[in-house]
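To start, the structure itself, in structure tokens.
The values are calculated or read from the model by the stated rules, or taken from the named source; none is laboratory data. Computed from a prediction, not measured in an experiment: that's the story for all the values here. So basically every Cβ, Gly included, is an ideal-geometry build from the backbone, and we count neighbours across all protein chains shown.
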Amino acid sequence: MKKPVIIDCDPGIDDAIALFLAFASENLDVKAITTVAGNVILEKTSKNALKISEYAGYNVKVARGASKPLMRELITAEFIHGESGLGSITLLEPVRAFYHKNAYDTIYEEATSCEGKLHIIALGPLTNIAITLLKYPDIKEKINHITVMGGSTELGNSTPVAEFNIYVDPEAAKIVFNSGIPVTMVGLNVTNTAYIITEDLEEISTYKNKVSDFVVKSLSPLFKFFEKIDFPGVPLHDPAVVASVIDENILETKFLRVDVETKGEFTRGKTVVDVYGVTNKAPNVNVALKINRERFIALFKELVKRYEI
Ligand code: BDR
Ligand code: CA
């Protein structure tokens with residue numbers, strides 16, 4: 001049976017590619033996309049989500065959520081994702097309208113109708129999920145799992161210690177991690193190793209469909225940036241997270257205590273992961289420690305290849 005999922009995201013180049021993978025998988029039933037401000041402002045992430053689903057030919061509800069973090073000003077990432085959020089790619093203007101409900105009410109609606117089976121895949125700052133939990137406390141029993149792209153057991157990318165999604169809205173992350181709902185955190189310690197290399201892109205370019213075109217055009221310009229910081233390729237953060245929900249054997253995880261730094265002078269948004277159990281605090285999060293890159297890239301290629309034109 002297909003897993004019913006909601007993808008909460010801030011497209012974003014890698015969010016867009018993650019959505020393409022989810023639409024193509026026979027294991028997932030994407031009930032809705034909910035959008036949040038993050039990589040670019042909400043107006044753009046929302047419009048991008050509509051454009052991406054239409055480009056892929058996937059008819060899905062797109063519901064708009066928070067335009068800023070719970071307690072802070074928004075920080076965006078145009079330096080990676082470009083002014084529009086989709087790098088240098090221009091997609092057609094959408095013809096469909098946004099869903100008439102906001103992200104929070106849509107998540108609640110789907111959680112209720114999926115009768116406890118809904119899996120949320122969160123690929124942006126966790127603002128929408130936190131607001132939903134605050135607005136609908138009874139939703140906890142209705143959600144099967146939340147898989148989060150965010151945080152790290154090691155270093156960060158927004159600051160030396162903080163990953164972008166958690167850095168943007170640390171208070172929201174704290175609420176989600178301590179919600180009591182089963183949460184898996186797939187952080188940079190893992191997604192930085194889920195990289196694509198030029199040889200992979202060369203192969204993908206031979207598929208000659210819409211999505212392979214998008215993947216090649218959007219990722220090619222990023223190689224320079226990552227070469228400069230000595231990465232072996234371009235990390236596919238959000239696609240790796242979607243892949244880990246499609247194929248549960250891609251990740252190795254451990255149930256650990258994770259606290260989110262909300263006050264530190266230099267450490268805002270750091271996910272403090274108690275790998276050795278030194279705090280004696282009860283574990284709260286399944287933390288991804290390793291990804292099988294070969295298996296991930298093979299699945300990635302298989303799903304991209306599925307698009308016919
Ligand atoms: C995360 O930040 C965003 O820029 C990406 O879309 C991804 O979700 C990686 O830190
Ligand atoms: Ca994202």
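Could you grab me the full set of residues in the range 37-69 that are within 22 Å of Thr159 (Cβ to Cβ) and surrounded by fewer than 18 Cβ atoms within 10 Å (Cβ to Cβ)?
Selection gives Ile41, Lys68.
Matching residues to (1) in contact (Cβ under 8 Å) with a residue 24 or more places away in the chain; (2) assigned to a helix (DSSP H, G or I); (3) of a type in the set (Phe, Trp, Tyr); (4) farther than 21 Å from Phe255 by Cβ:
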| position | (1), (2), (3), (4) |
| --- | --- |
| Val190 | yes, yes, no, no |
| Asp200 | yes, yes, no, yes |
| Glu203 | yes, yes, no, yes |
| Val211 | yes, yes, no, yes |
| Phe214 | yes, yes, yes, yes |
| Lys224 | no, yes, no, yes |
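In the range 226-240, what residues are assigned to a helix (DSSP H, G or I), closer than 25 Å to Glu83 by Cβ and either of a type in the set (Ser, Thr, Tyr) or within 12 Å of ligand 1 (Cβ to nearest atom) (or both)?
Once the filter is applied, which keeps residues that are assigned to a helix (DSSP H, G or I), closer than 25 Å to Glu83 by Cβ and either of a type in the set (Ser, Thr, Tyr) or within 12 Å of ligand 1 (Cβ to nearest atom) (or both), the range 226-240 yields His237, Asp238, Pro239.
Answer yes or no as to whether Leu50 is in contact with a Pro (Cβ under 9 Å, 6 or more places away or on another chain), within 14 Å of ligand 1 (Cβ to nearest atom) and under 19 Å from Phe214 (Cα atoms).
It is false that Leu50 is in contact with a Pro (Cβ under 9 Å, 6 or more places away or on another chain), within 14 Å of ligand 1 (Cβ to nearest atom) and under 19 Å from Phe214 (Cα atoms).
Can you tell me which of Ile17, Ile6, Ile41 is within 11 Å of ligand 1 (Cβ to nearest atom) and modelled with pLDDT of 95 or more?
The match here is Ile17.
Do you know which residues across the range 262-290 are more than 16 Å from ligand 1 (Cβ to nearest atom) and in contact with a helix residue (DSSP H, G or I) (Cβ under 8 Å, 6 or more places away or on another chain)?
Residues satisfying the conditions are Thr262, Asn284, Val285, Leu289, Lys290.
If you check Thr132, Thr90, Thr127, Thr106, which single one turns out to be at pLDDT 95 or above, among the hydroxyl-bearing types (Ser, Thr, Tyr) and over 21 Å from the mean Cα position of the chain (by Cα)?
Sole residue among the options that is at pLDDT 95 or above, among the hydroxyl-bearing types (Ser, Thr, Tyr) and over 21 Å from the mean Cα position of the chain (by Cα): Thr90.
Among the numbered conditions (1) of a type outside the set (Phe, Trp, Tyr); (2) free of Cβ contacts under 8 Å to residues at least 12 places away in the same chain; (3) touching an Asp or Glu at 6+ places or on another chain (Cβ under 8 Å), tell me where Gly156 comes up short.
The number of the failed condition is (2).
For a quick check of your reading of the model, give me the residue pairs whose first member lies in the range 9-21 and is near ligand 2 (Cβ under 9 Å from one of its atoms), whose second is assigned to a loop (DSSP other than H, G, I, E, B) and among the basic types (Lys, Arg), with beta-carbon atoms closer than 6 Å and at least 6 apart or on different chains.
So the pair list comes out empty.
Can you tell me which of Asp213, Asp200 is more than 16 Å from ligand 2 (Cβ to nearest atom), at pLDDT 95 or above and over 25 Å from Asn48 (Cα atoms)?
Sole residue among the options that is more than 16 Å from ligand 2 (Cβ to nearest atom), at pLDDT 95 or above and over 25 Å from Asn48 (Cα atoms): Asp200.
Do we have Asp247 as touching a helix residue (DSSP H, G or I) at 6+ places or on another chain (Cβ under 8 Å) and either crowded, with 17+ Cβ neighbours inside 10 Å or β-branched (Val, Ile, Thr) (or both) here?
When the stated conditions are applied, Asp247 does not pass them.
Those residues that are buried (at least 22 other Cβ atoms within 10 Å of the Cβ) and within 19 Å of Asp230 (Cβ to Cβ), I need them from the range 167-191; list them, please.
Result: Leu188, Val190, Thr191.
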